[in-house]
1. Using only Cα atoms, what is the ratio of the radius of gyration of the chain to 2.2 N^0.38 Å?
2. Would you calculate a helix-derived [θ] at 222 nm for the chain, using -39,500 (n - 2.57) for each DSSP H run of n ≥ 4 and dividing by the full residue count, to the nearest 500?
3. Amide H neighbours of residue 139 under 5 Å, counting only residues 5+ apart in sequence or on other chains, H built in-plane at 1.01 Å?
4. Antiparallel versus total DSSP beta bridges in the chain: what percent is that, nearest 5?
5. Treat each spin label as a single point 7 Å out from the Cα along the C-beta direction, and report the residue 140 to residue 23 distance in nm.
6. Among the trypsin sites (Lys or Arg not before Pro) in region 26-128, which ones are in a DSSP loop with at most 12 other Cβ atoms within 10 Å of the Cβ? Mind listing them?
7. Skipping prolines and chain starts, which residues have an amide H placed within reach, meaning under 5 Å, of the one on residue 178, given they are 5 or more residues away or on another chain?
8. Which longest run of the chain has no exposed loop site in it, a site being GluC sites (Glu not before Pro) in a DSSP loop with at most 15 other beta carbons within 10 Å, and the site itself not part of the run?
Amino acid sequence: MTQAGESVAGIVLAAGESTRMGRPKQLLPAGGGTLLERILDEALRSDLDEVVLVLGHQSEEIRAVLGQVLQHQKLKLIENRQYKQGISSSIIVGLSAVEMSHNHVMILLADMPFVDTNLINLLIRRYLNSGLPLGAIKIKSNRSHPVIICSELYHELHKIRGDVGARGLFDKYVDRVCLVEPEGLYDNRDIDRPEDYIRYKKCLDKR
């Protein structure tokens with residue numbers, strides 16, 4: 001659970017068309033399930049108070065694969081019918097579902113397979129303790145995902161447009177970001193193209 005008086009929702013973005021992959025990334029096999037099931041499982045077992053899953057492209061096929069996961073008490077499923085307008089539309093749809101009930105949101109990308117419960121909880125804890133309105137994972141000198149945003153900046157999230165995330169917000173308030181270094185090794189790669197998935201599968205085989 002999060003700190004008293006603080007409520008953090010997670011928004012899992014999984015509405016895209018996966019054009020560079022050539023097939024839905026959400027449904028790619030990944031360690032006994034799919035890529036989307038993997039991140040959902042980690043998010044639902046974390047200290048996030050609620051998890052919003054935003055679907056769009058081929059949502060019916062994805063719902064069918066997820067099955068019983070959709071009945072989880074912490075999970076809310078939202079459909080983004082404007083997903084062709086880019087990732088910003090999914091962020092806004094997800095935010096609209098929780099902004100009145102949660103004073104922080106964490107944005108999670110469905111194509112980052114190495115995000116786990118420990119990393120999510122670490123980011124929540126360090127960010128809340130910092131008192132800053134923005135938080136993000138830090139890899140070397142670079143800002144990475146997941147990211148977390150306070151309600152005082154929700155109105156600015158509503159202004160983003162196109163196939164961009166919250167990067168502009170973090171650039172604008174660069175001195176108000178809690179950067180959290182992972183404890184131990186963290187691979188922040190995303191699965192975008194077929195060659196990315198091949199490398200990921202090879203990594204799984206070595207484990």
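1. On the way: Rg = 16.0 Å, N = 207, 2.2 N^0.38 = 16.7 Å.
Taking the Cα Rg and dividing by 2.2 N^0.38 Å, one obtains 0.96.
2. On the way: 7 runs with 67 residues, N = 207.
That comes out to -9500 deg cm²/dmol.
3. 144
4. Numbers: 12 of 33 bridges.
Antiparallel bridges make up about 35 percent of those DSSP assigns within the chain.
5. Taking the two extended label points, one gets 3.3 nm.
6. Values: sites: 38, 45, 63, 74, 76, 81, 84, 125, 126; in loops: 45, 74, 81.
In loop regions of region 26-128 (DSSP not H, G, I, E or B), the sparsely surrounded trypsin sites (Lys or Arg not before Pro) are 81.
7. Those qualifying (amide H under 5 Å, at least 5 residues apart or on another chain) are 134, 135, 136.
8. 18-182
Each reported figure results from applying straightforward, stated rules to the coordinates on display, with no laboratory input. These numbers come from a predicted model, not from an experiment. Using ideal geometry, Cβ is built from the backbone for each residue, glycine included, and neighbour counts are taken over all protein chains shown.
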